[in-house]
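The structure appears right after this line, and notes come after that.
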Amino acid sequence: MEKENQTSVSEFLLLGFTSSPENQALLFALFLCLYLTGIFGNLLILLVTASNRHLHTPMYFFLANLSLVDLCLPSATVPKILLNIQTQTQSISYPGCLAQMYFCMMFANMDNFLLTVMAYDRYVAICHPLHYATIMTQFLCASLVAIPWVIAILNPLLHTLMIAHLHFCADNIIHHFFCDINSLLPLSCSDTTLNQLIVLTVVGLLFVVPSLCILASYSCIVSTVMKIPSLSGKLKVFSNCGSHLALVILFYGSITGVYMSPSSNHSTEKDSAASVIFMIVAPVLNPFIYSLRNNELKRALEKTLSQRKIFSQ
């Protein structure tokens, strides 16, 4: 009863990173560099795919959507991190915390869905190449993006509305660098059993199921590739899938470290580091992984940059 009678909090304190001044300056430079690099890389991918007609295919349509999401996901956390470091504060308002949680969940969910859709696209292209054009129609491609967007918008809305009805007491310290739902729930004075149950259910449905779909797609791809007689043919197909597979490993590896590992393995440092990977580092690396491993995209990039250089002269 004493805890419930305490005043509700109006702000939270984000304690995800070290507070030593010399490390703060290093973190500021690191996050600013990563953020600007990610914005540049993802905007470049969007520009290249939009301005080159031969890239108006399902694969690059999904890649453009991934770049759009990867522009937004770091923007939900990095500006606040930079502001707090610059102003030597660690606070975030209660409404700002809920808003940050909502957008982080929305864009992370969408990243997850797009990686699954891109795996299906590669499965159809490799396992059913003769039927690719008839299967991957404009309507199907639009549906494979529109439906995940609807789910990605509504799912965090449910969590946000449920948390908004919880009562938070004097304990307002979040041992993370952003307002993560698993860090917020333990701070509540209210009964969070239903919230925790829904979180576990959603993790199962929205992360485990898509990851199994990706595994199934790549199992079929590997089975098909192994039937190719020439080694060069096998390497060519694997090379085409390498970029997407690298993104999948990076994203799901870090997600697993935060949300699906035993609680005994958790610590503030480990969770923060893993979250930085899938929320900041992965979105920054995505365009570069694709552009470095994709010859068609590299040629389109060189063409676009040369055209911009000519027009600027």
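Quick note: the coordinates plus some simple rules give every number you see, no bench work behind them. Just so it is clear, the structure is predicted and the values come from calculations on it, not from any experiment. All Cβ positions, even for glycine, are placed from backbone atoms using ideal geometry, and neighbour counts span all protein chains on display.
Things worth noting here:
- Between helix 21-51 and the chain: long-axis angle, C-alpha atoms, 0 to 90°, nearest 10: 40
- Between helix 231-259 and the chain: long-axis angle, C-alpha atoms, 0 to 90°, nearest 10: 10
- D_trans [Stokes-Einstein, Kirkwood Rh over alpha-carbon pairs] for the chain, 25 °C, 0.890 mPa s, µm² s⁻¹: 115
- Sequence-distant residues sharing a close amide H with C189 (under 5 Å, placed H): H167, F168, C169
- Longest exposed-site-free window of the chain, the sites being GluC sites (Glu not before Pro) in a DSSP loop that have at most 14 other C-beta atoms within 10 Å: 5-313
- The alpha carbons of the range 114-243 stretch over 66, 31, 22 Å along the principal axes, in descending order.
- If the convex hull is drawn through the Cα atoms of the range 72-143, its volume per residue in Å³: 95
- Whole-number D in µm² s⁻¹ for the range 176-230, Kirkwood Cα-pair radius fed into Stokes-Einstein, 10 °C, 1.306 mPa s: 110
- Over the range 19-101: Kirkwood hydrodynamic radius from C-alpha pairwise inverse distances, Å: 14.7
- Nearest 10 degrees, 0 to 90: helix 295-312 Cα axis against the chain principal axis: 80
- Fraction of alpha-carbon pairs over 19 Å apart in the range 1-140 - percent: 65
- Kirkwood-Stokes translational diffusion coefficient of the range 138-194, alpha-carbon pairs, 37 °C, 0.692 mPa s, µm²/s: 243
- Protection proxy ranking, highest mean first, for peptides 246-253, 143-150, 230-237: 246-253, 143-150, 230-237, where packing is the per-residue count of other beta-carbon atoms within 10 Å, averaged.
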